[in-house]
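Dropping a structure here in C-alpha cells format, bear with me for questions.
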Amino acid sequence: MDRITAAVIGVGYLGRFHAQKYAALPEAQLVAVADSDPEVAARVARELGVRAVPDYRELLGAVQAVSVVTPTPAHAPIAAAFLEAGAHVLVEKPITTTAAEAEMLIRTAVARGRVLQVGHLERFNPVVLGAERYLKRPRFVECHRLAPFRERGTDVNVVLDLMIHDIDLLQSIVGSEIVSLDAVGTAVFSRETDIANARIRFANGCVANATASRVSLKTERKFRIFQDDAYLSLDLQQKILTVIRKRDATPGDAQLPVSIAEESFEQGDALRAEIEAFLKAVRGVGPVAVSGEDGLRALRTAIAISEALGAGSGGG
C-alpha cells in the first residue's frame, strides 16, 4: 500500500520526537511540520527534510494523518479541524482540557469515520505489556511517578501533567468503575499543584493509591500490584518486572516461603510503537490502541482528582 502522508502539529520537545518517528517509518511519509514558532518549525523541518508551516490550517486536507502535540488547550480545535478535513488524529495526553471537548472529538471522529487515538504512552511500555499475563484481579495498587522540577508542563497541575499516565494505566488494569476518591496536594514551585496523592476506590473492591510529584530529587515510575496469588512490582523506568508468589513451606525453611522471579526488558521505543499502532489502525489492520473514550475516561478522573484537591489547585 502507499505510504500514509502525515504531519506533526507542534514540534517542541515531544513533537520533534513524533516527527522523527514518522520520518523513520517506512509506512509513513512525513510531509510537513507546523508550529506557532516559525523558527522551531523551520529547525525541525530542516533536520528531517520536510516542509515547515507556521499555521496548521495550511495542512487541512493535505495529509491523511496527524499528531497533535501542542499545549493542551489547543488540542480540541486543532484535532477537530483535522478530523473534519478527513484526517486521522493522534492527540497527545491529556486528550483535551475539558470532558465536553473530548466528547466533541469522539463524536466528530465517529461521524467522519476517522481514527482518534490518544497518546497515553505507558500503554506501550514493555514492562506493562509483560505484566499483562500475570494480572488477574488486583486488590490494591500503589503507583509513584516522581520527577525533578522543570518549567515545561507547569501550565497544568501535576495530575494532568504526570499522574494522568498512571490514571490511564490504573483504569485499564483494574477494569472497573470508580466509586469514590479523595486527594491531597500542594503547589511548591509553580502556581499549580506540584505534588499530589489520590486514593481511588473501584466498584470491584480494588483500592489504588497514586502519588505524583514534579518536585522530587529523583526520577521514579513504579507500579506495585497486590492480588490474591501474587505481588507484582513494575519499574516502568528501569523496565524490570518482579513477580513474588507464595509457595509451600518446606521443613527447615529459614526464609519466607515465596518464589521471586525477576525479568528485565529492553528499553524499546514506546513512541515508535505508539505511532506504528496508530498507522495500523489508520490502515484498518489493527485496533485503536488507546481510544478517544479511553482518553476521556482518564481525563474525567484527572479532573475529579483535581477538584478534590480543593480551590486553587489548578484543576483544569
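Tell me, yes or no, whether region 221-237 has at least one residue that is surrounded by fewer than 20 Cβ atoms within 10 Å (Cβ to Cβ) and either among the basic types (Lys, Arg) or within 14 Å of the chain's Cα centre (by Cα) (or both).
Within region 221-237, one or more residues are surrounded by fewer than 20 Cβ atoms within 10 Å (Cβ to Cβ) and either among the basic types (Lys, Arg) or within 14 Å of the chain's Cα centre (by Cα) (or both).
For region 93-178, list the helices (runs of 4 or more DSSP H) that sit wholly inside it and hold at least 2 residues that are free of Cβ contacts under 8 Å to residues at least 24 places away in the same chain and open to solvent by 30 Å² or more (accessible area, probe 1.4 Å); which are they?
Passing ranges, in order: 99-112.
Modelled with pLDDT under 95 and among the charged types (D, E, K, R), is that true of Asp2?
yes
Residues of region 48-78 being part of a strand (DSSP E or B), over 22 Å from Glu101 (Cα atoms) and open to solvent by less than 40 Å² (accessible area, probe 1.4 Å), which ones?
Val53
Hey, can you tell me all the residues within region 47-73 that are under 14 Å from Ser36 (Cβ atoms) and within 17 Å of the chain's Cα centre (by Cα)?
If the condition is that a residue be under 14 Å from Ser36 (Cβ atoms) and within 17 Å of the chain's Cα centre (by Cα), then Val68, Val69, Thr70, Pro71, Pro73 are the ones that fit.
When you check Arg214 against the structure, is it open to solvent by 30 Å² or more (accessible area, probe 1.4 Å), in contact with an Asp or Glu (Cβ under 6 Å, 6 or more places away or on another chain), of a type in the set (Lys, Arg) and over 22 Å from Glu262 (Cα atoms), yes or no?
no
Sticking with this one: Could you tell me which residue of region 183-211 is most open to solvent (accessible area, probe 1.4 Å), considering only residues that are over 21 Å from the mean Cα position of the chain (by Cα) and farther than 25 Å from Ser172 by Cα?
Arg191
Can you give me the ranges of the strands (runs of 3 or more DSSP E) entirely in region 217-277 with at least 1 residues that are under 30 Å from Val188 (Cα atoms), hydrophobic (A, V, I, L, M, F, W, C) and modelled with pLDDT of 95 or more?
Hits in region 217-277: 220-227, 230-235.
To keep it simple, each residue is scored yes or no on (1) more than 18 Å from the chain's Cα centre (by Cα); (2) small (Gly, Ala, Ser); (3) on the phi < 0 side of the Ramachandran plot.
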{"residue": "Gly86", "(1), (2), (3)": "yes, yes, no"}
{"residue": "Thr108", "(1), (2), (3)": "yes, no, yes"}
{"residue": "Val128", "(1), (2), (3)": "no, no, yes"}
{"residue": "Glu132", "(1), (2), (3)": "no, no, yes"}
{"residue": "Ala147", "(1), (2), (3)": "no, yes, yes"}
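Of all residues in region 21-47, how many are out of contact with any strand residue (DSSP E or B) (no Cβ under 6 Å at 6 or more places or on another chain), more than 23 Å from Glu151 (Cβ to Cβ) and open to solvent by 10 Å² or more (accessible area, probe 1.4 Å)?
The qualifying residues number 6.
Of the numbered conditions (1) touching a residue at least 12 places away in the same chain (Cβ under 8 Å); (2) within 24 Å of Val66 (Cα to Cα); (3) not charged (D, E, K, R), Val285 satisfies every one except a single condition; which is it?
Unmet for Val285, out of (1) touching a residue at least 12 places away in the same chain (Cβ under 8 Å); (2) within 24 Å of Val66 (Cα to Cα); (3) not charged (D, E, K, R): (1).
This table checks each residue for (1) modelled with pLDDT of 95 or more; (2) basic (Lys, Arg).
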site: Val128; (1), (2): yes, no
site: Arg145; (1), (2): yes, yes
site: Asp161; (1), (2): no, no
site: Ile164; (1), (2): yes, no
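Right, here's the next one. Which members of region 18-35 meet the condition of being more than 9 Å from Ala7 (Cα to Cα) and either assigned to a helix (DSSP H, G or I) or modelled with pLDDT under 95 (or both)?
His18, Gln20, Lys21, Ala23, Ala24
The values are calculated or read from the model by the stated rules, or taken from the named source; none is laboratory data. Just so it is clear, the structure is predicted and the values come from calculations on it, not from any experiment. As a convention, Cβ positions derive from the backbone with ideal geometry for all residues, glycine included, and neighbour counts pool all protein chains shown. Surface accessibility is based on the protein's heavy atoms, side chains included, excluding ligands, DNA and RNA. Shrake-Rupley method; radii C 1.70, N 1.55, O 1.52, S 1.80 Å.
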